[in-house]
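Each value in this text was obtained by applying a stated rule to the coordinates, not by laboratory testing. As the structure is a computational prediction, the values presented were derived from the model and not from experiment. Because the Cβ atoms are built from the backbone with ideal geometry, glycine has one as well, and the counts that use them run over all protein chains shown.
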Amino acid sequence: MADLTYTELQKIEKRAKVSGTVGKTVTYFLLTLWGLIVLFPFYWMLLTSIKSYSSYNSEYVPKFIATHPTTQNYVDAFTTVNLGKYFFNTVVFTVLTTAVMMVVTVLAAFAFSRLKFKGKSITFAIFLSLMMIPNELVVITNYVTITNWNMRNTFQGLILPSVASVFYIYLLKENFEQIPEELYKAAKVDGTSDLKYLLKVMIPISKPTIITILILKVIECWNSYVWPRLVTDNEAYYLVSNGIQEIRENGFGRENIPAMMAAVVVISVPLVVLFLIFHKKIMEGVSRGGTKG
């Protein structure tokens with residue numbers, strides 16, 4: 001009887017292993033299939049960028065490999081249009097906007113999480129309610145303001161409307177509030193200033209969330225399109241997103257699709273590399289910011 005029971009347990013265990021193996025196989029197959037579907041547009045973009053102009057136009061049926069790959073399209077993308085200038089403008093815009101936004105976000109989050117002042121709760125509630133305002137209304141208001149201040153076609157006009165984010169302030173505030181308030185009270189007893197406490201204690205502890213906000217803001221600035229398109233009609237201030245649109249509209253991108261794809265690859269690669277390097281930090285920062293206690 002004992003041997004029979006042991007045999008039955010072995011059979012049950014074997015069935016469980018087979019079932020688990022089949023389940024994992026199906027899961028990984030579906031994930032792989034979904035990954036291929038998601039990544040295929042990027043592969044096609046990269047593939048097209050290394051095809052010659054004549055080879056691309058001669059393909060009545062698209063080919064999934066490049067028989068004669070070339071890098072000439074990347075040269076054309078920089079020489080035919082001013083892509084290098086657009087790239088430089090985007091780097092300047094991204095660095096300055098992100099730097100100013102981080103200062104505003106950190107200080108605002110600290111004030112809402114640690115400082116005591118009259119009306120803080122209602123002020124923060126009103127502040128959060130701004131997230132309910134449609135972005136189109138904000139864009140219109142910002143455009144009128146920047147135009148009245150004569151800041152169109154300037155980096156100041158590009159940067160100013162993006163230096164504050166309700167969501168990022170809220171995310172960092174929630175993270176700051178996870179730090180025991182006893183630390184703050186002990187620091188105040190020792191005569192530590194608020195600024196020193198923020199720099200020496202809160203920022204190091206909240207580093208994952210701060211890095212997450214930093215990366216997300218860089219991606220947001222790099223992909224910015226609507227606002228730069230509204231406040232800049234001078235090519236000297238075009239960003240890469242506007243530059244790509246200009247390339248398409250001036251006929252170059254319509255005639256030379258491989259070179260157009262090469263320009264898109266050049267613009268996309270920095271963000272892809274950034275995300276691949278810091279994707280774990282992004283996930284960790286978001287999970288920390290969304291967890292209370």
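Here are the numbers for the structure shown:
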quantity: In segment 68-127, the trypsin sites (Lys or Arg not before Pro) that fall in loop regions by DSSP, at most 12 other Cβ within 10 Å; calculated: LYS116, LYS118
quantity: Residue exposure sequence - GLU174, GLU235, GLU136 - by fewest surrounding Cβ within 10 Å; calculated: GLU136, GLU235, GLU174
quantity: Ranked LEU158, LEU214, LEU31, LEU128, criterion: other C-beta atoms within 10 Å, fewest first; calculated: LEU31, LEU128, LEU214, LEU158
quantity: Chymotrypsin sites (Phe, Trp or Tyr not before Pro) within segment 118-201, DSSP loop, no more than 12 other Cβ atoms inside 10 Å; calculated: TRP149
quantity: Mean Kyte hydropathy of 1.0 or more with a Cα span along the axis of at least 30 Å, helices from DSSP in the chain; calculated: 83-114, 257-289
quantity: From the coordinates shown, P(r) over Cα pairs in 10 Å bins from 0, in percent corresponds to which of (i) 6, 27, 32, 20, 9, 4, 2, 0, 0; (ii) 6, 27, 36, 22, 8, 1, 0; (iii) 5, 19, 22, 21, 15, 10, 5, 2, 0, 0; calculated: (iii)
quantity: Size of electric dipole in segment 167-223: Cβ of Lys, Arg +1 and of Asp, Glu -1, about Cα centre, debye, nearest 20; calculated: 180
